[in-house]
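Beneath this line is the structure, given in structure tokens, with notes to follow.
Where a number appears in this text, it was derived from the coordinates with a stated rule and is not lab data. Because the structure is predicted, anything quoted here is derived from the model rather than measured. Cβ placement follows ideal geometry from the backbone for every residue including glycine, while neighbour counts extend to all protein chains displayed.
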Amino acid sequence: MRADARRNYERIVATARDVFLEHGVDAPLDDVAKRAEVGPGTLYRHFPTRDALIEAVYRSEIEEIAGQAQALANSLSAEEALREWFRELITFQFEKAGLAVALKAAIDADGETFRYCKATLRAAARTVLEPAQAVGAVRPDLEDVDLMRLSHGIGAAAKHADEAGRNRLLSVLIEGLKP
């Protein structure tokens, strides 16, 4: 993809994320194009259908949170990386819960995008879990899927808590992961 086409693609996805957060995934795509400052033709060249744009936004969201796992693993101790990634994941789920539900509902649960996103998140979880297990900071019997399930539960509970409450939930979770 040419550099200008890549910039347009990224701007459309970022704008669509914002529009979908504000108005839901059924927002007019012409609004996305207008706010992204591209013509409708440019939008439809990159995303011939609404579903294609929704899938791109979903992938982008998942890739962003997965990338944070790697960045944290590279810059913090194993236990701190795990704790901070959980904080990021829970914040992501809390702040973008409506968008995530709408995006998941709009894509095929048996489709390639869903499988890719699930595999990407599980790999990100392993990125912070395995080093924490290696240094004895967390239980050795934990699996990546356990982290994902726990984060979903805490993320759902976080909707009904203030920041102090979310921090307490995270603290209880991290303490419960220890051997």
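Being part of a helix (DSSP H, G or I), under 15 Å from residue 117 (Cα atoms) and of a type in the set (Lys, Arg) is a condition met by no residue of region 15-24.
Checking each residue in region 170-179 for being part of a helix (DSSP H, G or I) and free of Cβ contacts under 8 Å to residues at least 60 places away in the same chain picks out 171, 172, 175, 176. Based on what the data block shows, is residue 59 part of a helix (DSSP H, G or I), in contact (Cβ under 8 Å) with a residue 40 or more places away in the chain and surrounded by fewer than 19 Cβ atoms within 10 Å (Cβ to Cβ)? Yes, satisfied.
Scanning region 11-25 for residues that are surrounded by 15 or more Cβ atoms within 10 Å (Cβ to Cβ) and within 13 Å of residue 37 (Cα to Cα) yields 11, 12, 13, 15, 16.
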